[in-house]
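Okay, structure first, notes after.
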Amino acid sequence: MTAPQDQASRGEADDSKMLLALHAIAMSGMEHGLCVLDKDLRVVLFNRRCRELLRLSHGALQLGTPLRSILDSISDDVATTTASRETMWRELEAALARHTEFDLSRTLPNGAALRFYFRPVPGQGWVCTCGQVAASEKPERRRLDQFGHAVENISLGLCLLDSSKRLVKCNQRFMEICGLDPNTLRPDVLYGDLLTSAKRAGIEEGPAIDDMVEREGELFRAEAVTRRLALPQGQTIEMRARPLDRGGWILEVEDVTTRLSEERALHKHIELRDAALEHMAHGLCAYDEDLRVILVNRRYMETYALNPEDARPGTPMLELMRCSIARGVHSGNLDAEEMLADLKARLIENKEPVLHRRLADGRMIAVRHQPMSAGGWVGTYEDITEQDRTEKYIAHMARHDPLTDLPNRVLFHEQMAEGLERAAAGGNSLALLCLDLDNFKTINDSLGHPTGDELLRKVAQRFSNALKDVATVARLGGDEFAILQSVRSAQESTVLAQQLIRLVSEPFIVDGIELNTGISIGIAMAPENGTARDHLMKCADLALYRAKAEGRNTYRFFDPSMDVQLRERRAIERDLRHALSAAEFHLEYQPQINLKTKELVVIEALLRWNHPERGLISPAEFIPVAEETGLIVPLGKWVLQQACTDAARWPSTIRVAVNLSPVQFRQRALLAAVTHALAAAALPASRLELEITEAVLLQQDEIVIGMLHQLRELGAHIAMDDFGTGYSSLSYLRSFPFDKIKIDRSFITDAGHRPEGEAIVRAVAGLGASLGIETTAEGIETPEQLELARRLGCTVGQGFLISRPLPLTDLLRFIGKPARKATPAAKRRVN
Ligand code: C2E
Ligand code: CA
Ligand code: CA
């Protein structure tokens, strides 16, 4: 993930390294000495030739050395006395103050001359080149012919003029450079004539003679004067007239084309380098072996809140660190010495490729150092804050659930591995709690995923608030949560489980709707139930299944018998797929009577599965599996057809009631299934009653409401089943005009024992009466309950007391003698 950035920054460091290396090569190959000064006249750049020419020791010319101190260290051979150094300095100062280019010459005791050319770098300082113009032995020792020879052969053109500017002598080079014909030379010829005759002679390749003539007046003065002339061939020559002490002038002419082009190349090079440095996305700081700054770029200074004064060439790295520390740039409390020691140890000695430094404002800087072949290092400073943030974010996302920000399965497994290790090492036990929201699937399917997601977020929030220091909680997916708890005994997990159940039983408000849910919890313990992660997860899952099967909103500890049950559930799932085609289903019918007249009014169809090996399996066991697998759709269609067919044989005053699953409402084909069943059985729709639970209606979904209206338009009755066990029951009664409310069995059981139960049944029955809706009391098992239901205002009754669900043949017999309260067949139990 980091590779491209790494390559980029390494690329930049390589570029700058190369730039500096090129620079060094360019400078070391130069014939001239070169020294670049900043505006404070400190050395920013120099080459070796410069040290050689001035005979300076290593220490006397370094980055950052002030010009003045260079002068003071110049070898005595170059400047003999303190007085002459002083003169030189004053001369220099005066010239520098003019801010235009100038040159200076210094005749060495050996007769050779050192020439310095100073050229201003706009707003930045000076470039100074120096060269030796003539080298020879001491004058008193040289022989005349040797001198003549030397003069003829030096690269400088020389011409001696007397005080009336007549030619005394000139060398071959002078004539060459000026393009003069030796034949036109006469002693005593006037300088002006010399030039005009040269012009007359038609030496077209000669210099701009007119210029030379015109400048005659400027040239011959009391002080030395230098002029530069551009030759038509593109060369540049420099002409200098120097007055002699005893009258007359010496004219020196030099072809400076090469020197100038070298200088220009250098300028270009410096410009290029500066531009490259300025535009680097990363900070750069090059420094020498002594960890002194060679150069820095703007980005580097910005990163460390430095200004150009702070980061002058020659400044020790330690100083820079002190500066940025003083400005509060760094986080942590390393002092400059420690920081430098750390940098040296890690980057230079241990060659760590990159050092990450966190700054006080939160930025993250990746520091890389690369040695330069010429000694010293190039450091690059890359701001990787974003990248660091992104990496951290990605790392976080890989191990957390995006919806709730709780640890996900990956992180949970890691935490679990640690916990298991501790448990195995003989510490506390590790309790693993697997949690599952009780009616999440219904909420999600009916209220929509955004509501489901919001509910999960709120549940997660409650968990993490409550468990902060007690245990770690993760979301494993869907509505599955898992908790790890380090415990001394199982009792602690019991307490936690009860606390969690209480937490979730408080209603949640999502989008203004009050949602009631519950959780089932399965608990497994390590090392008691095992120490392998997957095994323990399985144990907790099994315990969770048990908790759900045994009423939900409760917890169960794992016990080995649960494994057997799970295998059974899997077997049900497998066998269910073949059961319909194998004709293993049939219906039983449970009568409902009018509580006043005792007349048989409705008969509810209840599905039975007669498993070839297991015998009768309760719908409570297989309907949820059929719903999960979608098998409920063909199965429900079969129930409709069978129930209608059977009902066609009953007296026309009796309706048949068929239960519909919420899953069937997800299929638009439901309406067709109903019409088809009615048509095939030639049963009028008015004899069909469809029982739906609140789960179907949880959604204010127009499609479902529309389907219900269509079913009712056919003529079917719609009953609300299990009223009171759902969510916010009363509000759903308003969403559709039901024909009947079936009050859940639990209220009828309660009504006998608790006054609240009675109050609820009375209220619902009263509501039904006021709305003109029938109310059925479910689960009437005793004559007392029957009497109570009637007294509280219920209009219809259903229950074992009236009749257990009956096979068709028994039912037909029952219909024949409806007055009987119980039949022998009614003693059969299903579950
Ligand atoms: P339900 O719709 O509430 O059906 C009534 C359940 O209560 C039946 O259980 C019935 O046997 C039982 N019952 C009736 N009177 C009494 C009583 O006095 N005391 C007690 N303790 N129980 C009584 P069953 O047949 O086991 O059905 C369970 C559930 O399975 C049904 O509850 C219904 O939700 C579902 N179911 C049954 N058949 C179908 C079907 O064809 N389609 C769908 N979607 N669900 C069905
Ligand atoms: Ca029912
Ligand atoms: Ca019911």
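Could you say whether any residue in the range 746-760 is part of a helix (DSSP H, G or I), without any contact (Cβ under 8 Å) to a residue 60 or more places away in the chain, under 21 Å from Ile718 (Cβ atoms) and hydroxyl-bearing (Ser, Thr, Tyr)? No. Scoring Asp534 on the criteria (1) in the same structural domain as Gly636 (by TED's automatic domain parsing); (2) exposed (fewer than 13 other Cβ atoms within 10 Å of the Cβ); (3) of a type in the set (Asp, Glu) leaves a single failure, condition (1).
Select from the range 657-673 the residues that are under 50 Å from the mean Cα position of the chain (by Cα) and within 16 Å of ligand 2 (Cβ to nearest atom) and list them in ascending order. Answer for the range 657-673, where residues must be under 50 Å from the mean Cα position of the chain (by Cα) and within 16 Å of ligand 2 (Cβ to nearest atom): Leu660, Ser661, Pro662, Val663, Gln664, Phe665.
Of the residues Gln664, Gln641, which single one is buried (at least 19 other Cβ atoms within 10 Å of the Cβ) and either in contact with a Pro (Cβ under 8 Å, 6 or more places away or on another chain) or not aliphatic (A, V, I, L, M) (or both)? Result: Gln664 is the single residue among Gln664, Gln641 that is buried (at least 19 other Cβ atoms within 10 Å of the Cβ) and either in contact with a Pro (Cβ under 8 Å, 6 or more places away or on another chain) or not aliphatic (A, V, I, L, M) (or both). Applying the condition of being of a type in the set (S, T, N, Q) and crowded, with 19+ Cβ neighbours inside 10 Å to the range 306-357 and asking which residue is farthest from Cys285 (Cα to Cα) yields Ser324. Considering Glu774, Glu784, Glu778, the condition of being touching a residue at least 12 places away in the same chain (Cβ under 8 Å) and more than 16 Å from ligand 2 (Cβ to nearest atom) is satisfied by Glu784 alone. Regarding Ala643, is this residue touching a helix residue (DSSP H, G or I) at 6+ places or on another chain (Cβ under 6 Å), free of Cβ contacts under 8 Å to residues at least 60 places away in the same chain and near ligand 1 (Cβ under 10 Å from one of its atoms)? No, not satisfied. Restricting the first member to the range 715-744 and to residues that are at pLDDT below 90, and the second to residues that are in a loop (DSSP other than H, G, I, E, B) and away from ligand 2 (no atom under 14 Å from the Cβ), the beta-carbon pairs closer than 6 Å and six or more apart or on different chains are Tyr727/Asn516.
Based on this model, can you work out whether Glu702 counts as away from ligand 1 (no atom under 13 Å from the Cβ) and modelled with pLDDT under 90? Criteria met by Glu702. Checked against the criteria, Asn408 counts as surrounded by 14 or more Cβ atoms within 10 Å (Cβ to Cβ), of a type in the set (S, T, N, Q) and over 22 Å from Ser505 (Cβ atoms). Of the numbered criteria (1) of a type in the set (Gly, Ala, Ser); (2) in contact (Cβ under 8 Å) with a residue 60 or more places away in the chain; (3) in contact with a strand residue (DSSP E or B) (Cβ under 9 Å, 6 or more places away or on another chain), the one Ser446 fails is (3). With respect to (1) buried (at least 19 other Cβ atoms within 10 Å of the Cβ); (2) within 16 Å of ligand 2 (Cβ to nearest atom), the lone exception for Asp739 is condition (1). When Tyr300 is tested against (1) surrounded by 16 or more Cβ atoms within 10 Å (Cβ to Cβ); (2) not in a helix (DSSP H, G or I), exactly one condition is not met: (2).
Among residues of the range 335-359 being over 29 Å from the mean Cα position of the chain (by Cα) and in a loop (DSSP other than H, G, I, E, B), the one that is nearest to Gln387 (Cα to Cα) is Asn350.
For the range 611-640, enumerate the residues that are outside any helix (DSSP H, G or I) and either modelled with pLDDT of 95 or more or near ligand 1 (Cβ under 8 Å from one of its atoms) (or both). Of everything in the range 611-640, just one residue is outside any helix (DSSP H, G or I) and either modelled with pLDDT of 95 or more or near ligand 1 (Cβ under 8 Å from one of its atoms) (or both), namely Ser618. So for the range 588-606 (the condition being within 12 Å of ligand 1 (Cβ to nearest atom) and out of contact with any strand residue (DSSP E or B) (no Cβ under 8 Å at 6 or more places or on another chain)), does at least one residue qualify? Looking through the range 588-606, none of the residues is within 12 Å of ligand 1 (Cβ to nearest atom) and out of contact with any strand residue (DSSP E or B) (no Cβ under 8 Å at 6 or more places or on another chain). With more than 20 Å from Ile780 (Cα to Cα), away from ligand 2 (no atom under 14 Å from the Cβ), among the hydrophobic types (A, V, I, L, M, F, W, C) and not assigned by TED's automatic domain parsing to the domain that holds Ser446 as the only criterion, which of Val601, Val625 stands out? Criteria check complete, one pass: Val625.
Tell me yes or no: at least one residue of the range 676-690 is part of a helix (DSSP H, G or I), at pLDDT below 95 and over 21 Å from Tyr589 (Cα atoms). Looking through the range 676-690, none of the residues is part of a helix (DSSP H, G or I), at pLDDT below 95 and over 21 Å from Tyr589 (Cα atoms). When Gly314, Gly283, Gly332, Gly362 are checked against the criterion of being touching a Lys or Arg at 6+ places or on another chain (Cβ under 6 Å) and closer than 24 Å to Arg389 by Cβ, Gly283 stands alone in meeting it. The lone criterion from (1) under 60 Å from the mean Cα position of the chain (by Cα); (2) at pLDDT below 70 left unmet by Gly148 is number (1).
The values are calculated or read from the model by the stated rules, or taken from the named source; none is laboratory data. Bear in mind the structure is a predicted one, so any value in this text is a computation, not a measurement. Cβ atoms come from the backbone with ideal geometry, glycine included; neighbour counts cover every protein chain shown.
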